[in-house]
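For reference, the structure is listed below as structure tokens.
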Amino acid sequence: MIAITEEDFNIDKILKDAKHPDNGAIVTFLGIVRDDGIVGMEIEAYTDLALQELDKIEEEALERFDIRSLDVIHRTGTLSVSDNILLIVCGAPHRKDAFAACEYMIDELKKRVPVWKKELYKDGAGGKWVGEGTE
Amino acid sequence: MIIKIKAFARFGEFLGKEFDLELDSRSDIDGMLSVLCASRDAYDLIFDESGRIREYVNILKRGRHIQSLDGIRTVLEDGDEIAIFPPVAGG
């Protein structure tokens, strides 16, 4: 499953669905909002293109690694400290491919998928977009 | 002709997040930016001191980067969707 949504995700259900009989390992990456002196984050996506790019990266991961399932869910909207941002779940017969595919997915996502984060400050003085050209 | 503009992150705050823009037929990206960057702040956001589009500015026509088309000479058509955004920062 590839998704971009404002809704929080049910990690237990996604993990349960990833327990395919062929899988002997499931590696999960969960990105959450870190308290860098902020109250939260606003996350924005160019959804149509982001989904297309996630599909491409998923295809690449399936070609490169022996994995049998891959789920990626990226949230958008206004999130608080410790809220879930991103979930990647890679299921594979063996752990090395599961770890490698999960790392590939997050690394490529960060480089290629059109999503942006704005840090929201405690003093209510607006916020700051993360990354070059965004601040 | 009318094209749809989608601008993201800080660019959306300066230019407007999503709106229709009316242009003369056969306009190109350069002409579109002239209209979009009428204010000094918007111009400085997109262009550097020498008048070139800043390296971190991404402009896509119907999902394709203009660098893979004809750059700022890319001709626009009625109904085109143009996306303008800074480097991605998700995850």
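The values are calculated or read from the model by the stated rules, or taken from the named source; none is laboratory data. Keep in mind that what you see is a predicted model, and the values were worked out from it rather than measured. FYI the Cβ positions are ideal-geometry reconstructions off the backbone, even for glycines, and counts take in every protein chain you see. With ligands, DNA and RNA removed, areas are computed over all heavy atoms of the protein, side chains included. Shrake-Rupley method; radii C 1.70, N 1.55, O 1.52, S 1.80 Å.
Computed quantities for the displayed model
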read-out: Test for A:T28: is it within 29 Å of A:K96 (Cα to Cα), open to solvent by 40 Å² or more (accessible area, probe 1.4 Å) and among the β-branched types (V, I, T); value: yes
read-out: Leading residue by the ranking (nearest to the other protein chains (Cβ to nearest Cβ)) among those in the range B:5-17 that are at pLDDT 95 or above and in contact with a Leu (Cβ under 6 Å, 6 or more places away or on another chain); value: B:A7
read-out: Filter pass, B:D78 being over 30 Å from A:E119 (Cβ atoms), at pLDDT below 95, in a loop (DSSP other than H, G, I, E, B) and acidic (D, E); value: no
read-out: Pair list, Cβ < 9 Å and 6+ apart or interchain, from the range B:41-68 residues that are farther than 18 Å from B:G31 by Cβ to residues that are of a type in the set (G, A, S) and in a strand (DSSP E or B); value: B:N58/B:A83; B:G63/B:A83
read-out: Among (1) more than 18 Å from A:W129 (Cα to Cα); (2) open to solvent by 50 Å² or more (accessible area, probe 1.4 Å); (3) out of contact with any strand residue (DSSP E or B) (no Cβ under 9 Å at 6 or more places or on another chain), the one test that A:D35 misses; value: (1)
read-out: Sole exception among (1) within 14 Å of chain B (Cβ to nearest Cβ); (2) part of a helix (DSSP H, G or I); (3) β-branched (V, I, T) for A:I14, by number; value: (1)
read-out: Matching residues, the range A:1-21, being open to solvent by 50 Å² or more (accessible area, probe 1.4 Å), over 21 Å from B:G12 (Cβ atoms) and in contact with a Gly (Cβ under 8 Å, 6 or more places away or on another chain); value: A:K19, A:H20
read-out: Meets criteria (of a type outside the set (D, E) and on the phi > 0 side of the Ramachandran plot) for A:G37; value: yes
read-out: Near pairs, Cβ below 7 angstrom, 6+ apart or cross-chain, from the range B:10-29 (more than 16 Å from B:I46 (Cβ to Cβ)) to any residue that is surrounded by fewer than 18 Cβ atoms within 10 Å (Cβ to Cβ) and at pLDDT 90 or above; value: B:D20/B:I2; B:D20/B:K4; B:E22/B:I2; B:L23/B:M1; B:L23/B:G31; B:L23/B:V35; B:S25/B:M1; B:R26/B:V75
read-out: Unique residue being more than 14 Å from chain B (Cβ to nearest Cβ), under 12 Å from the mean Cα position of the chain (by Cα) and open to solvent by less than 30 Å² (accessible area, probe 1.4 Å) when the list is A:V72, A:V89, A:V115; value: A:V89
read-out: Matching residues, the range A:38-57, being more than 11 Å from chain B (Cβ to nearest Cβ) and surrounded by 19 or more Cβ atoms within 10 Å (Cβ to Cβ); value: A:G40, A:I57
read-out: Criterion (open to solvent by 20 Å² or more (accessible area, probe 1.4 Å), within 11 Å of the chain's Cα centre (by Cα) and more than 12 Å from chain A (Cβ to nearest Cβ)) met by exactly one of B:S34, B:S50; value: B:S34
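Yes/no matrix, rows are residues, columns are (1) charged (D, E, K, R); (2) modelled with pLDDT under 95:
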residue: A:I11; (1), (2): no, no
residue: A:I14; (1), (2): no, no
residue: A:P21; (1), (2): no, yes
residue: A:V27; (1), (2): no, no
residue: A:I32; (1), (2): no, no
residue: A:R95; (1), (2): yes, no
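Residues are listed down the side, and each one gets a yes or a no for (1) within 14 Å of chain A (Cβ to nearest Cβ); (2) open to solvent by less than 30 Å² (accessible area, probe 1.4 Å); (3) modelled with pLDDT of 90 or more; (4) in a strand (DSSP E or B):
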position: B:I3; (1), (2), (3), (4): no, yes, yes, yes
position: B:F19; (1), (2), (3), (4): no, no, yes, yes
position: B:L60; (1), (2), (3), (4): yes, yes, yes, yes
position: B:Q67; (1), (2), (3), (4): no, no, yes, no
